[in-house]
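Colleague: Take a look at the following structure, please.
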Amino acid sequence: MRAFQLIEVKADTPLERGRQYGEQARGKIRAGIEDYRRLFAETSSMSWETIKKYALTYLSMIKRIFPDMMEEAQGIALGAKVGIDEIMVLNCRYEITKFPRPNECTSFAVLPEASAGQKTYLGQNWDYRAGIIDNVVLVRLEESDGTRILGLAEAGQLIRNGFNNHGIGLCANNLQSIYDSRGVGIPVTFLRRKVLSCRSFAEASKLIINAERAVSCNFMLAASEGQAVNLETYPGGVDLIEPVHGIIAHANHFVVQPEIHALEVSPRGDRLDQLLREKHGTINVAMLSECLSDHQNYPQAICRHPSDVGIRWGRRGITVAGVIYDLAESTAYVCAGPPCEGEFITYRL
């Protein structure tokens with residue numbers, strides 16, 4: 001049974017949190033850096049040194065807006081004994097690899113009216129490259145104020161999706177609009193990590209809406225009290241999609257303003273929405289795991305498998321992980337790799 005490495009972090013300062021994380025995940029962090037070095041050598045016109053310098057251009061904004069998150073990233077570099085420039089490449093990979101950008105991820109939120117047992121569920125299939133599966137970690141982290149977070153990341157990244165003990169959960173999907181650029185904005189990974197420190201749904205929503213951004217991203221936000229919203233964010237704006245009969249599903253195209261979409265339209269969001277509505281009122285973890293294993297519309301299925309056989313395995317698109325968060329029970333169900341091939345393992349916050 002395949003499972004991601006579990007990293008346990010508890011510290012009074014962001015720097016120490018990062019250091020503990022970096023020490024425990026040192027091997028995977030270094031492997032991830034080498035993986036990106038190879039990827040960019042094959043796919044980018046920029047040299048590795050240029051890419052590292054580009055990643056460092058985000059430092060001043062992050063230090064100004066989210067200084068605690070910047071300290072956590074610096075701690076990861078210390079613990080892993082690698083350069084902060086390399087950690088910044090990992091944490092800015094969404095921005096660095098965005099042009100052009102493939103479709104990635106399918107997310108959902110299910111509220112008590114649509115679930116069995118009056119539960120609030122949040123989750124997604126995280127789609128990316130086969131080459132990162134061995135470098136993904138699950139992080140259980142406690143901050144000095146008692147906030148506890150459980151979530152996933154590529155080793156060396158801040159937590160990119162998960163939930164906390166205040167009942168706030170976040171998943172995300174790639175979006176690309178006609179307005180996206182290599183301008184200045186908060187890197188998506190840093191914003192996602194900061195949201196997971198929020199104590200309320202209102203605070204988390206406000207943080208996403210007001211963020212300075214140069215690129216688009218889709219945020220699926222939910223709270224254990226039975227709240228959820230999907231935020232299609234892009235440079236200069238945010239469009240909100242509210243639940244319909246307690247269900248939201250989203251993939252990688254703009255729904256509210258399709259005219260600003262810059263990629264092909266994926267059928268995965270509509271397919272997941274259909275599957276969830278067919279089970280309205282009876283949705284549970286077993287049913288959600290079946291949905292995340294769905295292969296209709298292959299190769300653009302919810303459960304993604306490599307179809308791009310003309311490139312090496314590490315660059316092929318795949319579902320890296322399936323995640324289901326039960327926000328009421330503070331429980332995560334995590335499958336390493338495509339859900340149809342693996343097992344959802346239970347983790348408690």
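Every read-out reported here was derived from the displayed coordinates using simple, explicitly stated rules and does not represent laboratory data. What you see is a predicted model, and the numbers here were worked out from it, not measured in a lab. Cβ coordinates were reconstructed from backbone atoms using ideal geometry, including for glycine residues, and neighbour counts include every protein chain displayed.
Colleague: Can you give me the distance in nm between label points at Glu290 and Glu34, each placed 7 Å from the Cα along the Cα-to-Cβ direction?
Modeller: 4.3 nm
Colleague: What is the packing order of peptides 164-173, 190-199, 44-53, taking the mean over residues of other C-beta atoms within 10 Å and listing the highest first?
Modeller: Details: 164-173: 25.0, 190-199: 22.9, 44-53: 13.6.
The peptides rank, most packed first, as 164-173, 190-199, 44-53.
Colleague: What are the ³J(HN,Hα) values, in whole Hz, obtained from phi via the Karplus relation 6.51 cos²θ - 1.76 cosθ + 1.60 with θ = phi - 60°, for each residue of region 177-184 in sequence order, with x given for Gly and Pro?
Modeller: 10, 5, 9, 5, 7, 8, x, 9
Colleague: Let me ask another. Using only the alpha-carbon atoms, what does region 1-46 span along each of its principal axes? Please give whole angstrom values in decreasing order.
Modeller: Here the spans come out as 42, 32, 12 Å, largest first.
Colleague: Asn165 label point, 7 Å along Cα→Cβ, cut-off 18 Å on backbone N: hits in region 307-349?
Modeller: Residues passing the 18 Å test: 326-332, 347-349.
Colleague: With a ≥ b ≥ c the root eigenvalues of the C-alpha gyration tensor of region 1-156, is it rounded (a/c under 1.5), prolate (a/b larger than b/c) or oblate?
Modeller: oblate
Colleague: Residues with beta-carbon under 10 Å from that of Lys81, excluding Lys81: net charge, scoring Lys, Arg +1 and Asp, Glu -1? Don't jump to the answer; show the numbers that get you there.
Modeller: Working: positive: Arg26, Arg30; negative: Glu23.
Summing Lys/Arg as +1 and Asp/Glu as -1 gives +1.
Colleague: What trypsin sites (Lys or Arg not before Pro) does region 110-158 have in DSSP loop regions with at most 12 other beta carbons within 10 Å?
Modeller: Working: sites: Lys119, Arg129, Arg140, Arg148; in loops: Lys119.
Loop-located and lightly packed - none at all.
Colleague: About the Cα centre of region 205-349, what is the dipole size in debye to 20, counting +1 per Lys and Arg Cβ and -1 per Asp and Glu Cβ, all else neutral?
Modeller: 400 debye
Colleague: Apply the Karplus parameterisation 6.51 cos²θ - 1.76 cosθ + 1.60, with θ equal to phi minus 60°, to every residue of region 82-94 and state each ³J(HN,Hα) to the nearest whole Hz, in sequence, with x for glycine and proline.
Modeller: 10, x, 5, 5, 6, 5, 5, 4, 4, 7, 10, 5, 4
Colleague: Sort His253, His280 so the one with the fewest other Cβ atoms within 10 Å of its own Cβ comes first. Can you show the working numbers first?
Modeller: Details: His253 22, His280 14.
Lowest to highest Cβ neighbour count: His280, His253.
Colleague: Counting only residues 5 or more places away or on other chains, whose amide H sits under 5 Å from the amide H of Val136 once H atoms are built in the peptide plane?
Modeller: Ala155
Colleague: Run the simple label-point estimate for Arg348 and Glu264 please: 7 Å along Cα→C-beta, distance reported in nm.
Modeller: It is 4.5 nm.
Colleague: Further question: State whether region 256-304 is rounded, prolate or oblate according to the following rule on the C-alpha gyration tensor (a ≥ b ≥ c being the square roots of its eigenvalues): a/c under 1.5 gives rounded; otherwise a/b larger than b/c gives prolate, and the remaining case gives oblate. Spell out each step's value before the answer.
Modeller: Details: a/c = 3.32, a/b = 1.66, b/c = 1.99.
Taking the square roots of the gyration eigenvalues as a ≥ b ≥ c, region 256-304 is oblate.
Colleague: Add +1 for every Lys or Arg and -1 for every Asp or Glu among the other residues with Cβ under 9 Å from the Cβ of Thr233, and state the total. Mind dumping the intermediate values first?
Modeller: Numbers: positive: Arg213; negative: Glu232, Asp239.
For residues surrounding Thr233, the net value is -1.
Colleague: What are the ³J(HN,Hα) values, in whole Hz, obtained from phi via the Karplus relation 6.51 cos²θ - 1.76 cosθ + 1.60 with θ = phi - 60°, for each residue of region 329-346 in sequence order, with x given for Gly and Pro?
Modeller: Rounded to whole hertz, the list is 9, 6, 10, 10, 10, 10, 10, 7, x, x, x, 5, 9, x, 10, 7, 9, 8.
Colleague: Shifting gears a bit: Based on Cβ point charges of +1 for Lys and Arg and -1 for Asp and Glu, what charge dipole magnitude is obtained for the chain about its Cα centre, in debye rounded to the nearest 20?
Modeller: Magnitude of the dipole: close to 820 debye.
Colleague: While we're looking at this one, here's another question. Order by neighbour count: Phe4, Phe163, fewest other Cβ atoms within 10 Å first, most last. Please report the intermediate quantities before stating the final value.
Modeller: Values: Phe4 24, Phe163 28.
By the 10 Å Cβ count, ascending, the order reads Phe4, Phe163.
Colleague: Quick one: grab the alpha carbon gyration tensor of the chain, order the square roots of its eigenvalues as a ≥ b ≥ c, and give me rounded if a/c is under 1.5, else prolate or oblate depending on whether a/b is larger than b/c. Write out the running numbers ahead of the final one.
Modeller: Numbers: a/c = 1.36, a/b = 1.21, b/c = 1.12.
It is rounded, given that a/c, with a ≥ b ≥ c, falls under 1.5.
Colleague: Any idea how far apart Ile65 and Val309 come out in nm if each label point goes 7 Å out from Cα toward Cβ?
Modeller: The two pseudo-label positions are separated by 4.4 nm.
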